[in-house]
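Down below is the structure, laid out as structure tokens.
Derivation of every value follows stated rules applied to the coordinates shown; laboratory data play no part. Fair warning: this is a prediction, and the values are worked out from it, not measured in the lab. Here the Cβ positions follow ideal geometry from the backbone for every residue, glycine too, while neighbour counts run over all protein chains shown.
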Amino acid sequence: MLGVLVACFAVQTGLVYSDDVDLQLSKQAIEGRRLFHEESCQVCHQLWGQGGFLGPDLTNSASRVDETRLASLLTVGSGQMPALHLEKEQIAAMRAFLEELDRSEIGRGELRLGEPNEGTSPQTAFEAAVVDASSSPGVVAGFEALRSGACSACHFPFQVSIVGAPDLSTVVERLDEAELHEVLTKGRPEKGMPPPVPAFSEARRQQVIEYFRWLNGEREALRSETERRQSRATVDWSRLPWWEYR
Ligand code: HEC
Ligand code: HEC
């Protein structure tokens, strides 16, 4: 009996300590993590939904907080976020840490119930679904062109938006190649579709069109994947970095 218990203990210990995530942090990010603990950021902030609740979850904050804002938050503070007066290198380390945490395959941070959840807005859920499903370089490049062109300000996934911007996942059913090139070059300013800024090169337009075709083919799969991601922020517990709580 005792032998069995000892064996269980050994196996359990082995499991706990070998469970060290594939989350490999760079040296700079490890420094950021150290600071994160030293400055007690977790007293007010969560990572993967764990921590204090005065401030927002920071798991995916890197994509919404730019460098300038982070620097200002970590020096002069903001609202209830205290002025911490961090040095330049400390800010860079914190930035590295937050950026390396912000990976869709690890899980999205969950905010408190009742708050608008950044991690599961339709657009975020859709983009995460596309990133996971797309493989061909042309498709990925086309998608990135749309993302960096802020097209999602008007075009929403799988619906006509309030400003009348159509669902781009069905655009290849409406427009032929020449018409697509035309709208991607000149826009339709009189109808509320501005020309892309900066303008797309011919090669870029080709990639965008390749992305539209792919999107059309994958429409149903992407749509249900987007819904799934929206209905529940998925955290893959087995991939949570346990070091955070050691
Ligand atoms: C006393 C509580 C407290 C502590 C400690 C604290 N924060 Fe904050 N933090 C806040 C609050 C409250 C906000 C929201 C402020 C606002 O929006 O004006 C915030 C906002 C932020 C944001 C912006 C998040 C977003 O989504 O806009 C970042 C990034 C951040 N804090 C990082 C940190 C880091 C890194 C540390 C540790 C070095 C830290 N905070 C320590 C309370 C705190
Ligand atoms: C300010 C809002 C706005 C932005 C930003 C915007 N669009 Fe549009 N887009 C529209 C509207 C409105 C239409 C519908 C025009 C019409 O009725 O003919 C449209 C139409 C289109 C069409 C034709 C769709 C069809 O079915 O006829 C394509 C393709 C398109 N947009 C691509 C893009 C791309 C790519 C971007 C980013 C570079 C972008 N749009 C940015 C508002 C916008």
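Details
- Using distinct alpha-carbon pairs, which all enter the 1/r mean, Kirkwood radius of the range 121-230 in Å: 14.0 Å
- Computed label-point distance, nm, for sites Arg188 and Arg219 using a 7 Å Cα→Cβ extension: 1.7 nm
- Taking 21 Å as the straight-line reach from the Cα of Lys88, the lysines in range (excluding those fewer than 8 positions away in the same chain) are Lys27.
- R0 of 35 Å, Cβ-Cβ distance Glu38-Ser63: FRET efficiency to nearest 0.05: 0.90
- Principal semi-axes in Å for the range 25-115 [√(5λ), Cα gyration tensor, largest first]: 19, 16, 12
- Stretching the chain fully between Ile30 and Ala133 yields a gain of 34.0 nm (0.36 nm per residue, less the alpha carbon separation).
- Calculated from backbone phi, Karplus (6.51, -1.76, 1.60) coupling profile of the range 191-199 in Hz, x at Gly/Pro: 10, x, 9, x, x, x, 10, x, 4
- Label-point gap, in nm, between Ser201 and Asp176 - each point 7 angstrom along Cα→Cβ: 2.8 nm
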